[in-house]
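The values are calculated or read from the model by the stated rules, or taken from the named source; none is laboratory data. The shown structure was predicted, so the numbers you read here are calculated from the model rather than taken from an experiment. Here Cβ is always computed from backbone atoms with ideal geometry, including for glycine, and neighbour counts include all displayed protein chains. Ligands, DNA and RNA are stripped out before the accessible areas are found, and what is left, the full protein with its side chains, is counted by its heavy atoms. Shrake-Rupley method; radii C 1.70, N 1.55, O 1.52, S 1.80 Å.
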Amino acid sequence: MQPIQTLDEFFTRSGAEVSLYHMGRHVVACPRESLATFERGETAWPEPWQGQARIAILFRLGDMPEPAIWFLALPLDEQGMLAPAQRDAFINRLLETLGRAVSQVGREETADVEHLMKDNPLAFTPSVTFQAVLNARATYAAGLPASQHFEPVDAYLSGQQTIDWQALGLQGIADYVIRMEKTEADSLARRLPTLPATVIHSVCYCLEHQSLPTVLTAALRRCGEAAAQAGDVETLCGCLRAVGNTDAREVGKWYTALLHDTAASGPDVLAAIAGRGWHYLEDAERLPLFLQCLAEDERTDFAAVVRDLALIPRLRLPIMMALRDAPEGSSIQRRLSMMMTQRKA
């Protein structure tokens with residue numbers, strides 16, 4: 001039998017029940033095949049974040065009473081492909097800890113499986129919001145009930161009860177968003193203008209992991225525009241992030257309008273678009289405009305943002321072409337020259 005060389009092979013050989021989730025730019029389900037082809041060096045990671053492929057692996061081996069969860073950040077090379085050294089070391093440690101007969105792993109090795117995350121250079125701790133959304137998505141996918149925090153949030157956001165918003169739990173908000181159907185989306189769209197800013201922020205940071213209906217997308221844009229008028233950058237960026245995973249022409253038009261508005265397109269807005277709305281940069285007009293805004297604002301880390309976006313397979317070539325085609329003497333060319341100078345230093 002061939003030795004185990006990848007995580008996907010380990011889980012296949014062990015017969016584990018496995019669910020994978022992206023944990024970089026969004027908390028969304030990740031097909032097993034994406035991990036398999038990535039580990040074999042056939043494809044770049046589709047949703048890189050800060051030079052890493054961040055994934056959550058929920059699995060149950062043998063007769064383990066409860067699923068285990070690993071949060072792994074696999075390093076990428078400059079092409080967005082797996083840099084395998086740390087992954088290989090982890091697999092060796094995994095096999096040494098559990099023994100070579102991985103098909104026999106069961107309840108007694110549960111503690112060993114969990115211990116593997118201690119002092120592991122690949123392990124990371126997701127943000128509290130990402131953890132809440134993952135829990136909400138995984139329990140919903142498994143057909144399990146929502147957390148105890150769901151009902152108060154549902155009652156509050158639907159307007160059924162007057163509840164102190166400070167008592168609402170983030171897990172309940174995540175459950176509400178993941179389980180949201182048309183009725184709840186319509187209700188949230190109506191309630192949005194009346195919600196305290198803190199609640200809007202928490203809701204937006206959960207909404208960014210979902211594709212949203214038109215009525216809620218429009219309400220978020222109105223909320224964001226009102227926040228911009230009031231100078232509330234955090235709420236504006238929350239709304240921008242919230243619609244980033246939604247495929248809608250209105251979102252693209254909003255992003256473009258903000259990029260044309262010098263006063264509005266500050267570092268926080270650019271970061272929101274790059275981090276959560278990167279799909280909208282796959283546009284022949286919007287991408288050069290974004291890069292221009294990024295280059296012109298001295299408060300931004302142009303090199304870091306460009307490198308991060310260029311690791312996204314669908315954006316790599318468009319970004320290279322946009323940088324190549326930037327006019328002589330432009331702010332983009334100036335920033336590129338600075339990058340080259342720093343690289344030679």
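In the neighborhood of T183, defined by Cβ-to-Cβ distances under 13 Å, what is the net charge if each Lys or Arg adds +1 and each Asp or Glu adds -1?
My count for the surroundings of T183 gives 0.
Ranked from highest to lowest mean number of other Cβ atoms within 10 Å per residue, what is the order of the peptides 157-165, 169-177, 81-89?
169-177, 81-89, 157-165
Could you tell me which of rounded, prolate or oblate describes segment 216-299, using a ≥ b ≥ c as the square roots of the eigenvalues of the alpha-carbon gyration tensor, with rounded for a/c under 1.5 and, failing that, prolate when a/b is larger than b/c and oblate otherwise?
Oblate, because a/c is 1.5 or more while a/b does not exceed b/c.
Would you calculate a helix-derived [θ] at 222 nm for the chain, using -39,500 (n - 2.57) for each DSSP H run of n ≥ 4 and dividing by the full residue count, to the nearest 500?
Helix contribution divided over all residues of the chain: -16000 deg cm²/dmol.
Can you give me the % of accessible surface on the chain that is carbon or sulfur? Probe 1.4 Å, all protein chains present, nothing else counted.
51 percent
How far, in nm, would the chain grow between Q229 and A85 when pulled straight, counting 0.36 nm per residue and subtracting the alpha carbon separation?
Using 0.36 nm per residue and subtracting the Cα-Cα distance, I get 46.9 nm.
In whole angstrom, note down how far apart the Cα centers of segment 306-345 and segment 115-179 are.
39 Å
What order, most packed first, do the peptides 336-343, 66-73 have when packing is the mean number of other Cβ atoms within 10 Å of each residue?
66-73, 336-343
Please report Rg (one decimal) and Dmax (integer) in Å for the Cα set of the chain.
Every Cα atom of the chain included, Rg and Dmax give 22.1, 65 Å.
I'd like to check one number: the per residue accessible area of segment 149-252, probe 1.4 Å, reported in Å² as a whole number.
Accessible surface, normalised per residue, equals 45 Å².
Return a whole-number percent for the relative contact order of segment 120-180, with Cα pairs under 8 Å and 6 or more residues apart as the contact set.
Relative CO of segment 120-180 lands at 42 percent.
I'd like the FRET efficiency for R190 and T37, computed as 1/(1 + (r/R0)^6) with the beta carbon distance as r and R0 of 45 Å, rounded to 0.05.
0.55
Just to confirm my numbers, what's the Cα centroid distance between segment 1-56 and segment 201-270 in Å?
After rounding, the separation between the Cα centres reads 31 Å.
As an exercise, use a Förster radius of 30 Å and the Cβ-Cβ distance of E181 and L317 to find the FRET efficiency, rounded to the nearest 0.05.
0.20
Given R₀ = 30 Å, FRET efficiency for T125-E328 by Cβ-Cβ distance, to 0.05?
0.10
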